[in-house]
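Comments concern the structure below.
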Amino acid sequence: MATSFDPGLSPGMVITGKWKQGSYRIDRLLGEGANGKVYLVEHHRGQYALKVGSDAVDLQSEVNVLQSLALQTKGSAESFLVEVDDFQHPDGRTYPFYVMRYVRGMLLADYLEREGSDWFPLVGFHLLGKLANLHEAGWVFGDLKMENVLVADYGRSQLVDYGGVTAVGKSVRQFTEIYDRGYWSAGSRKADAGYDLFSFAVLFIQLFERRRFSQLVHTLLPQNRVPEELLKLVRTNTTLSPLEEWFSRAFAGEFASTREAAAAWQLQLHQSGIKRRSAPAPRWMKRLFIASALLLTITIILMIRVGM
Amino acid sequence: MKQIILITDGCSNVGVSPVVAAAHAQAEGITVNVVGVLDDGDIGEFGAAEINEIAAAGGGLSRLVHMRELARTVQMMTRKTVMHTIQNAVHKELQQVLGTSSIESLPPGKRGDVVRMMDELGETAPLRVALLIDASASMKPKLQAVEEAIRDLMISLQARQGKSEISVFHFPGPRYGDDCCMDLGWTSTLSGIPALFAKLQMQGTTPTGPALLEVIDFYRKDDYGRKNRDGTDGMKSGYVV
Ligand SMILES: Nc1ncnc2c1ncn2[C@@H]1O[C@H](COP(=O)(O)OP(=O)(O)OP(=O)(O)O)[C@@H](O)[C@H]1O
C-alpha cells in the first residue's frame, strides 16, 4: 500500500530545522520505503543519514524507540539518533525528519557476492550480536529483512530502519510477510526474541537459496506454509546444511536467548569443520596470486636480460 | 473501536445505496474500510468508484488489490484505521487542552509524549472488526484468499494486548430475499475460520447496502446488550470518535 511520497529534495539543497535551526545539505538519496525517504546529508562537515517521514505520527513512533534505546545504551557507543526536527519546504508544507548516523555498508547479498561466502558465519554472528543487544534491552527488531541489514568492513553488520522495533510483549508493529513467523504458521506476532530469530533464519535461507526460496513462496498453498518446507531447503544446501539443527531450533523457537542462539551458531559451524572446508578461492586471493605471478615473471625476465 | 471491512469485487445492484449505509455506520462510530479484490480481470470503472465512495462515507480506507495482496492489505488497513481512530480522538483532546488541533504543530518533545500515548492506546484499546464478504458468483474463485486473509488478520489481532474480536458475514444470504448471513459471531480464536465458506451457495445479486445495514444493526444490538449488562461500551467514551 505504499503511496509514493516525495518531499521534493534534490542534491545541493539545504534544509534548516524549524525548532533547532540545524542545517543539512542534501547529498543524495540513500533509500526509501513505506514510511519515508532517507538522504545522505552533510552537517558540520560530517556525513549523516536524514530520514524524512510521510507521516508525523509514524515517524515520531520511530523516534520514540530510538530515544529510548539511546537512553538505555548511554555511554556504550556514540548515539545512533542525532537530531529530531521539522523543516518547511519552499512549497509551504512542513515535513518531519530525524538525523541519524550514516551507516556505510552494503546489502548482505552484495557483500557476500563481493567478499566471498566465507564471510557468512561471521556476518551472521555479528548480526545475532546486534539482535541480542536489542533483545536484552527489551526490544524486538520486528521487520528484519534483506534491505534492513547493512554490512560494513570485516563483516560488521548494522540494522537500519527502526520502524518495526517493538517492546517485548506487544504486537509486532511492522513486518514483511515472507519473514514473518505468523505467515509460516510457526507462531504468533507477539514480539519476543524468537520472532527475530525466525526472520533471521528465513533471511539466511533466502541468501543462499534465493531461487528455490522465491519459488516456494509463490507456489505453496497457505495451509502448507510451514517451517518444514524451509528446512528442506537447508538440508539440501551445502553451505547451510551443517547448521540444520540451528535452523530447526530457530524455527521451533527453542533458543532460550539470542546469546544462546549466537553461541550455538558458532559452535555448529566450527564443529562442522568450517576451518577445514576449502572454499573456492575468493577473488582477492586470485588477484593476489595473479599479481605475484606477474611480478615473478617480470623478475625472471629482468634477471635474464641483465644476465645474472 | 469498531470497524467493518467490506471485501467485494463489483457493484451493488439491489436495495439501499451502500454509500448511504456506510454513512450510517460512520454516524454510529463504526469505520468502514473497503477492499476491491481482483484476480486477473478488472473491477470496472463503476466498481472502483463505488468502492471509493463507500469508504469515504464510512470514514475509512479503500484499496483495489490482487488476491495475493489481500491478507496484507486487510491487516494494514485494520492497523491504520486503529491509529486513525485514535489520532482523531487525540486531535479533539489537543484542541481542548492545548488549543492546537494537529500533532505536527507540537514541538518534537511534546509530540513524543502524545505519540507514545497513542501507540499505547493502539495496542491496548478493545477492537472489533466485522468482515463483510461479497459472495456473489464472481467472488467464488477468490474465497480461499478471503479465508486466508481472515485467518491472517486473526493472527495479528491475537498479538494485541487489548481485547480483539472479529465476526464474519457474507451477502446475499442463502434464501431468496436474505440480504446478509452471519458466518461467525464475535470471536478471538482461529477455530471457526477454516472452511468458513465451504458450504456457501453463490447467489446472483449484490445487496451491498442492505448487508451493511444489517451489520450495523448487529453492532447496535450487541452494544445495547452489553450496555445493559455492564454499563460500558468497552472503551472510554472520550476516545470514541
Ligand atoms: N542510517 C542509515 N545509513 C545508511 N543508509 C540508510 C540508513 N537508514 C536507512 N538507510 C537506507 O535507506 C533505506 C530506507 O530506509 P528505511 O528502511 O528506514 O525506510 P522505511 O520507509 O522505514 O522503509 P520500510 O518500507 O522498509 O519500512 C534503507 O533500506 C537503507 O538502504
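The values are calculated or read from the model by the stated rules, or taken from the named source; none is laboratory data. Keep in mind it's a predicted model, so treat the numbers as computed, not measured. When we count neighbours, we look across all protein chains shown, and the Cβ atoms used for this are built from the backbone with ideal geometry, even at glycine. The accessibility values were calculated without ligands, DNA or RNA, using every heavy atom of the protein model including side chains. Shrake-Rupley method; radii C 1.70, N 1.55, O 1.52, S 1.80 Å.
What do you reckon, is B:Asp152 closer than 19 Å to B:Thr8 by Cα, more than 9 Å from chain A (Cβ to nearest Cβ), open to solvent by less than 20 Å² (accessible area, probe 1.4 Å) and within 15 Å of the chain's Cα centre (by Cα)?
no
Evaluate the following for A:Ala137: is it modelled with pLDDT under 95 and under 13 Å from the mean Cα position of the chain (by Cα)? Even if it seems obvious, please write down each step before you answer.
Numbers: modelled with pLDDT under 95: yes; under 13 Å from the mean Cα position of the chain (by Cα): no.
No; evaluated as a whole, the condition is false for this residue.
Conditions (1) free of Cβ contacts under 8 Å to residues at least 60 places away in the same chain; (2) hydroxyl-bearing (Ser, Thr, Tyr); (3) touching a Ser or Thr at 6+ places or on another chain (Cβ under 8 Å), marked per residue:
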position	(1), (2), (3)
A:Tyr179	yes, yes, yes
A:Gly182	yes, no, yes
A:Ser185	yes, yes, no
A:Asp196	no, no, yes
A:Ala201	yes, no, no
A:Val217	yes, no, no
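In the stretch B:22-54, what residues are in a helix (DSSP H, G or I), under 18 Å from B:Tyr219 (Cα atoms) and out of contact with any Asp or Glu (no Cβ under 9 Å at 6 or more places or on another chain)?
B:Ala23, B:His24, B:Ala25, B:Gln26, B:Ala27
Looking at A:Glu32, A:Glu62, can you tell me which residue is within 14 Å of the ligand (Cβ to nearest atom) and buried (at least 20 other Cβ atoms within 10 Å of the Cβ)?
From the options A:Glu32, A:Glu62, the qualifying one is A:Glu62.
Could you please let me know if A:Lys170 is more than 16 Å from the ligand (Cβ to nearest atom) and basic (Lys, Arg)?
Yes.
So for the stretch A:62-74 (the condition being of a type in the set (Asp, Glu) and within 14 Å of chain B (Cβ to nearest Cβ)), does at least one residue qualify?
Yes, the conditions are met somewhere in the stretch A:62-74.
Give the number of residues within the stretch B:155-167 that are within 10 Å of chain A (Cβ to nearest Cβ) and part of a loop (DSSP other than H, G, I, E, B).
The number of residues fulfilling the criteria is 4.
Is it true that A:Gly142 is within 16 Å of the ligand (Cβ to nearest atom) and in contact with a Lys or Arg (Cβ under 8 Å, 6 or more places away or on another chain)? I'd like the intermediate steps shown before the answer.
Working: within 16 Å of the ligand (Cβ to nearest atom): yes; in contact with a Lys or Arg (Cβ under 8 Å, 6 or more places away or on another chain): yes.
So A:Gly142 passes the test.
State whether the residues of the stretch A:9-29 include one that is within 11 Å of the ligand (Cβ to nearest atom), under 30 Å from B:Arg72 (Cα atoms) and not assigned by TED's automatic domain parsing to the domain that holds A:Leu131.
Yes, the stretch A:9-29 contains at least one residue that is within 11 Å of the ligand (Cβ to nearest atom), under 30 Å from B:Arg72 (Cα atoms) and not assigned by TED's automatic domain parsing to the domain that holds A:Leu131.
If you take the residues in the stretch A:106-121 that are within 12 Å of A:Thr239 (Cβ to Cβ) and open to solvent by 60 Å² or more (accessible area, probe 1.4 Å), which one is farthest from the chain's Cα centre (by Cα)?
Here the residue is A:Asp118.
Kindly provide the set of residues from the stretch A:44-59 that are in a loop (DSSP other than H, G, I, E, B) and within 13 Å of the ligand (Cβ to nearest atom), ordered by number.
Filtering the stretch A:44-59 down to residues in a loop (DSSP other than H, G, I, E, B) leaves A:44-45, A:54-55.
Listed by number, the residues that qualify are A:Ser54, A:Asp55.
Given (1) away from every other protein chain (no Cβ under 11 Å); (2) under 19 Å from the mean Cα position of the chain (by Cα), where does B:Ile43 come up short, assuming only one miss?
In the conditions (1) away from every other protein chain (no Cβ under 11 Å); (2) under 19 Å from the mean Cα position of the chain (by Cα), B:Ile43 misses (2) alone.
Do we find a residue being within 14 Å of chain A (Cβ to nearest Cβ), of a type in the set (Lys, Arg), over 30 Å from B:Thr208 (Cα atoms) and surrounded by fewer than 22 Cβ atoms within 10 Å (Cβ to Cβ) anywhere in the stretch B:113-122?
First, the residues of the stretch B:113-122 that are within 14 Å of chain A (Cβ to nearest Cβ): B:113-122.
Keeping just the survivors that are of a type in the set (Lys, Arg) gives B:116.
Still in the list and also over 30 Å from B:Thr208 (Cα atoms): B:116.
Restricting the remaining residues to those that are surrounded by fewer than 22 Cβ atoms within 10 Å (Cβ to Cβ) gives B:116.
Taking every residue of the stretch B:113-122 in turn, at least one turns out to be within 14 Å of chain A (Cβ to nearest Cβ), of a type in the set (Lys, Arg), over 30 Å from B:Thr208 (Cα atoms) and surrounded by fewer than 22 Cβ atoms within 10 Å (Cβ to Cβ).
Could we say that A:Leu81 is within 13 Å of the ligand (Cβ to nearest atom) and on the phi < 0 side of the Ramachandran plot here?
For A:Leu81, the condition - within 13 Å of the ligand (Cβ to nearest atom) and on the phi < 0 side of the Ramachandran plot - is met.
Out of the helices (runs of 4 or more DSSP H) lying entirely within the stretch A:140-258, which hold 1 or more residues that are surrounded by fewer than 16 Cβ atoms within 10 Å (Cβ to Cβ)?
Passing ranges, in order: A:210-219, A:227-235, A:244-252.
Restricting to the stretch A:90-128, name every residue that is closer than 21 Å to A:Lys51 by Cβ, within 16 Å of the ligand (Cβ to nearest atom) and either of a type in the set (Phe, Trp, Tyr) or touching an Asp or Glu at 6+ places or on another chain (Cβ under 8 Å) (or both).
Once the filter is applied, which keeps residues that are closer than 21 Å to A:Lys51 by Cβ, within 16 Å of the ligand (Cβ to nearest atom) and either of a type in the set (Phe, Trp, Tyr) or touching an Asp or Glu at 6+ places or on another chain (Cβ under 8 Å) (or both), the stretch A:90-128 yields A:Tyr95, A:Pro96, A:Phe97, A:Tyr98, A:Val99, A:Arg101, A:Tyr102, A:Leu107.
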